[in-house]
Amino acid sequence: MIRICLNLALTLLLIGCASPQADEPQVLTIGVVAPFSGDYAPLGQSVRDAVLIAAEEWNLEGGVLDYEIQVVLEDAACDYQTGRGAAEAAIDKGAPLIIGAVCAKASEGVAQIAMREGVLQITPGAVNLDLTLDIDGEVRPLVYRIPSVDDDQGRAMARFAQEQLGSDTAAVLYAEESAYGAALAQAFVEAFEAADGEVLDVETYDPDAELFFEALDGAREASPDVLYLPGYHTVANTLVAQARQYGLLMTFLGSDGWHSAALDRDATLGAYITTHYFPEEPGFLLSRWVRTYEERYLAAPDALATMSYDAANLLFTAIEAAATTDPVLVAQAMEGITYEGVAGTFTFDEAHNPVRSVIVMRVDTRGFVYQGRYAP
């Protein structure tokens with residue numbers, strides 16, 4: 001009898017000691033797949049920093065569906081095979097949901113693994129149109145993106161040029177063999193002409209050239225109201241300066257590749273560009289996000305960090321809407337969400353691309369001046 005009582009007391013003691021473990025929260029593992037080494041490591045840092053803030057904010061409020069969010073980082077570099085391996089590593093660590101990758105090739109590698117393994121992928125950086133589509137052109141049900149695709153930028157800039165600048169004629173100049181430049185240029189031309197504008201000249205240039213005068217001949221002779229130069233600030237600095245020297249006085253239009261602190265604002269003064277994010281855009285959610293990021297990292301968040309923050313918060317919101325962490329059901333919930341993010345309010349189209357307005361800014365000697373948002 002004494003032995004039975006002792007055994008009973010010991011059993012109760014063990015149960016009492018074990019009970020706090022039963023109250024420990026379950027863990028939901030989120031894979032963050034991005035470049036964390038090499039030349040593109042700063043991109044991965046932006047993604048990581050933003051997702052960690054979002055996860056911490058949700059955990060402070062009790063997590064998502066009472067799950068404590070845990071983030072695992074996997075280096076995708078900017079490489080297709082490395083992206084595949086990074087996605088597999090995240091899944092092996094228990095991640096049914098992945099944020100990433102950033103570069104197009106790595107993101108494609110992640111998408112293939114996500115579809116094979118039944119894992120949801122949201123990319124905060126890749127804008128290549130075919131990412132959300134399989135080889136047959138069918139929508140990948142488990143792949144979404146946060147940034148606006150290149151076509152939206154081109155269409156929005158065409159609309160801005162006609163409606164706000166009163167432009168009736170345009171010329172286009174972009175880097176040869178650049179899928180980015182070609183996509184923007186084509187979208188701009190189609191939208192400009194669809195609205196009864198006239199595109200007088202379309203040319204390409206060698207991005208490695210030192211002199212661009214020959215490439216500028218067509219626009220110089222056509223003398224359009226605006227000259228659209230989708231590309232990157234590294235070339236725009238030189239190209240626009242030479243265009244001014246060559247007597248081209250029309251308004252210049254650029255793309256998000258111009259959105260850099262290294263843009264030569266004296267050379268590009270008065271130009272207009274499209275972009276995904278502007279930290280001084282009016283709005284409570286955005287200002288709070290910028291303040292939070294600055295307090296943590298002592299620097300303003302860049303566009304990729306902002307898109308990554310939206311990606312994480314959208315994912316957690318969709319999980320709650322689906323009332324489950326099952327990737328297929330979360331993806332289905334995401335299809336119908338209207339999400340108010342720090343980079344603007346958006347829904348998803350049938351190809352899982354965000355439907356949102358595009359920011360236009362004017363280049364000023366003090367920096368960039370917000371002009372507003374324009375629908376593609």
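The values are calculated or read from the model by the stated rules, or taken from the named source; none is laboratory data. Keep in mind it's a predicted model, so treat the numbers as computed, not measured. Cβ placement follows ideal geometry from the backbone for every residue including glycine, while neighbour counts extend to all protein chains displayed.
Note on the stretch 237-266: among residues that are hydrophobic (A, V, I, L, M, F, W, C), surrounded by 19 or more Cβ atoms within 10 Å (Cβ to Cβ) and at pLDDT below 95, the one that is farthest from the chain's Cα centre (by Cα) is 263. Which numbered condition in (1) under 25 Å from residue 180 (Cβ atoms); (2) at pLDDT 95 or above is the only one that residue 367 fails? In the conditions (1) under 25 Å from residue 180 (Cβ atoms); (2) at pLDDT 95 or above, residue 367 misses (2) alone. Considering every residue within the stretch 122-131, establish whether at least one is within 17 Å of residue 189 (Cβ to Cβ), in the same structural domain as residue 85 (by TED's automatic domain parsing) and either modelled with pLDDT under 95 or touching a strand residue (DSSP E or B) at 6+ places or on another chain (Cβ under 7 Å) (or both). Yes - at least one qualifying residue is present in the stretch 122-131. Across the stretch 127-159, the qualifying residues are those that are of a type in the set (A, V, I, L, M) and touching a His at 6+ places or on another chain (Cβ under 8 Å), and the one among them that is nearest to residue 343 (Cα to Cα) is 143. Can you pull out every residue in the stretch 159-186 that is free of Cβ contacts under 8 Å to residues at least 40 places away in the same chain and either of a type outside the set (Asp, Glu) or surrounded by 24 or more Cβ atoms within 10 Å (Cβ to Cβ) (or both)? Result: 162, 182, 186.
When residues in the stretch 1-53 are screened for being surrounded by 10 or more Cβ atoms within 10 Å (Cβ to Cβ), modelled with pLDDT of 50 or more and either of a type in the set (S, T, N, Q) or not in a helix (DSSP H, G or I) (or both), 15 of them pass. Kindly indicate whether residue 62 is of a type outside the set (Ser, Thr, Tyr) and closer than 21 Å to residue 324 by Cβ. Yes.
For the stretch 83-121, residues that are of a type outside the set (Gly, Ala, Ser), closer than 17 Å to residue 48 by Cβ and in contact with a strand residue (DSSP E or B) (Cβ under 7 Å, 6 or more places away or on another chain) total 7.
Among the residues of the stretch 78-105, the ones that are modelled with pLDDT of 95 or more and either outside any strand (DSSP E or B) or surrounded by fewer than 18 Cβ atoms within 10 Å (Cβ to Cβ) (or both) come to 18 in all. Only one entry in 340, 320, 350, 280 is in a strand (DSSP E or B), of a type in the set (D, E, K, R) and in contact (Cβ under 8 Å) with a residue 12 or more places away in the chain, namely 340. Scanning the stretch 340-354 for residues that are over 17 Å from residue 287 (Cα atoms) and either of a type in the set (Ser, Thr, Tyr) or surrounded by 15 or more Cβ atoms within 10 Å (Cβ to Cβ) (or both) yields 346, 347, 348, 351, 352, 353, 354. Looking only at the stretch 214-239, residues that are farther than 14 Å from residue 253 by Cα and among the aromatic types (Phe, Trp, Tyr) come to 0 in all.
If the condition is being acidic (Asp, Glu), closer than 16 Å to residue 32 by Cα and either at pLDDT below 95 or assigned to a helix (DSSP H, G or I) (or both), then the stretch 54-77 contributes only 56.
Residue-wise test of (1) assigned by TED's automatic domain parsing to the domain that holds residue 180; (2) part of a loop (DSSP other than H, G, I, E, B).
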{"residue": "208", "(1), (2)": "yes, yes"}
{"residue": "212", "(1), (2)": "yes, yes"}
{"residue": "237", "(1), (2)": "yes, no"}
{"residue": "243", "(1), (2)": "yes, no"}
{"residue": "248", "(1), (2)": "yes, yes"}
{"residue": "267", "(1), (2)": "yes, yes"}
{"residue": "292", "(1), (2)": "no, no"}
{"residue": "295", "(1), (2)": "no, no"}
{"residue": "310", "(1), (2)": "no, no"}
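Taken together, 34, 54 contain a single residue that is under 17 Å from residue 126 (Cα atoms), out of contact with any Pro (no Cβ under 7 Å at 6 or more places or on another chain), in contact (Cβ under 8 Å) with a residue 40 or more places away in the chain and not basic (Lys, Arg), which is 34.
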